[in-house]
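Here's the structure, in structure tokens; my notes come after.
Every read-out reported here was derived from the displayed coordinates using simple, explicitly stated rules and does not represent laboratory data. These numbers come from a predicted model, not from an experiment. As a convention, Cβ positions derive from the backbone with ideal geometry for all residues, glycine included, and neighbour counts pool all protein chains shown.
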Amino acid sequence: MAPRTPAAAAAAVFAALAISACQPISPAARIEWPLLAAGKTPVRNLDDSCVQDPSPATDYFPQKLQFTRSTQLSVAYGPNYKRLHFRPAVNPAQTQEFLFVQCGTPVPEHDAHTVVVQVPVRSIVTGNTSIHGALDELGLVDRLAGTQSLRSISVPSIQARVAQGLVHEVGGDAHGSIEGIIAIAPEVFLTFYSAYPEANMHPQLQALGVRAIPQADHHEPHPLGRAEWLKLLALMTNRESAGQALFDRIEARYAHIAAIASTAPYRPLVMGGFAAGRDSFEIFGGANQRARLIADAGGRPIAHDRHAGSFVLAPFEAIYARGVDAPVWLGAAPGSASVEDLISRNALNGWFRAAREGAVFAWDRGYAGAWQFPSNEVGMTRPQVFLQEAVRALHPELTPLLPPVDSHGFIRQLP
């Protein structure tokens, strides 16, 4: 049989969409775990079984991990449980604890507001597509039962699962539809965590009995802090060893590329964002991970509000005053066909040197419309690729020193 082309894969996904639109959503398929033999002590974490005769003296998690880069996550282990502590960067007052308990063992004492999850988890729905790449690389695609939008999927293994009718679209933008989530009945729903806490859905979902866990990787101030959120999946599925190994590879490659970038003889000013309206400019805050990535790539990012971790609206005059002569624009509005198109959308974009000289880049290779492009799905697992591409854009003279590219790439220079 001939290999499936990207066009054929996309056609299969859209065929599945058409079928699913006419069919009711059913609960996620349940994996039945075998039981650990009576009296046996595990030599590795039980990522594919439950416990038959729990013993309080047994450590059911001989393979452990810790968070060293994330500013929002920490974990503490007990003999048969893991306490995950989430302290959101944008609103520390919403700090919450999650208790992951080895299936087949007793649930320890916990606060009434603690969300309890039996692990290893068998079904997951996500409202934040940046976890898709981590599901693929940890071999957990078979646990994905639903996602925000099927149209935004570019990971081949997930496309194949969609084509089989095994992944449902929950809609509701990044926060998900309550009705769709309840219909699928996943063991865990990973909710998008907003910069505006009052917009978050996880409190309402938890009140309805849904095990909703906020996914706030996009609020980490460093790309490696975001990458470390892949360990959340590892904790939920008892795959600590695989999760730690994957993160270690990402971290080592990122550090290697950053060291090469540090040898650059100059650090150019770097524009980002785009004009929004008649007198505003949408740009990342100074504490945003994109600003840190540009700095690690050997650039000086033009940001706004050094304490802000998200994208912010800034007065156009303030950005113009600082960025008018920046030689490179890295992170223009996605979906712009060309520099001319970018300017036609808002004439203010053309006031900058980088636009006049054609040095404009966007992180939107493979753009499929409505802010849907492959880089959104691999924010956790490809920061080293993003960094390498940024170094190439800012310091092309360093290209011969960079390691071989291990990805098709995500950056696109606008013609």
query: When the label point is put 7 Å from the Cα of residue 241 along its Cα-to-beta-carbon vector, which residues of the stretch 97-137 have a backbone N closer than 17 Å?
result: 120
message: If I take R0 = 56 Å and measure r between the Cβ atoms of residue 95 and residue 338 in this structure, what FRET efficiency does the formula 1/(1 + (r/R0)^6) give, to the nearest 0.05?
response: 0.75
- request: Just grab the label-to-label distance for residue 64 and residue 112, each label 7 Å out from Cα along the Cβ direction, in nm (one decimal).
  value: 3.2 nm
- prompt: Measuring from label point to label point, each 7 Å out along Cα→Cβ, what is the residue 248 to residue 55 span in nm?
  reply: 2.8 nm
- request: State the label only: which of (i) 24, 60, 16, 0; (ii) 25, 55, 19, 1; (iii) 29, 58, 13, 0 corresponds to P(r) over Cα pairs in 20 Å bins from 0, in percent computed from the shown model?
  value: (ii)
- line: Listing 82, 64, 231 by rising number of other beta-carbon atoms within 10 angstrom, fewest first, gives 64, 82, 231
- request: Treat the count of other C-beta atoms within 10 Å as a stand-in for reagent exposure and order 410, 98 from fewest to most.
  value: 410, 98
- prompt: Suppose R0 equals 51 Å; then what is the FRET efficiency for residue 262 and residue 31 from their Cβ-Cβ distance, rounded to the nearest 0.05?
  reply: 0.65
message: Need the C-alpha centroid separation for the stretch 144-207 versus the stretch 349-413, integer Å.
response: 27 Å
query: Quick one: Cα centre-to-centre distance for the stretch 266-290 and the stretch 31-102, in angstrom?
result: 40 Å
Difference of contour (0.36 nm per residue) and Cα-Cα distance, residue 160 to residue 196: 9.5 nm
task: Please build a GNM for the chain, connecting alpha carbons under 10 Å apart, and tell me which residue among 97, 340, 377 fluctuates the most.
output: 340
statement: So, with points 7 Å from each Cα along the Cβ direction, the residue 345-residue 313 label distance in nm works out to 1.7 nm
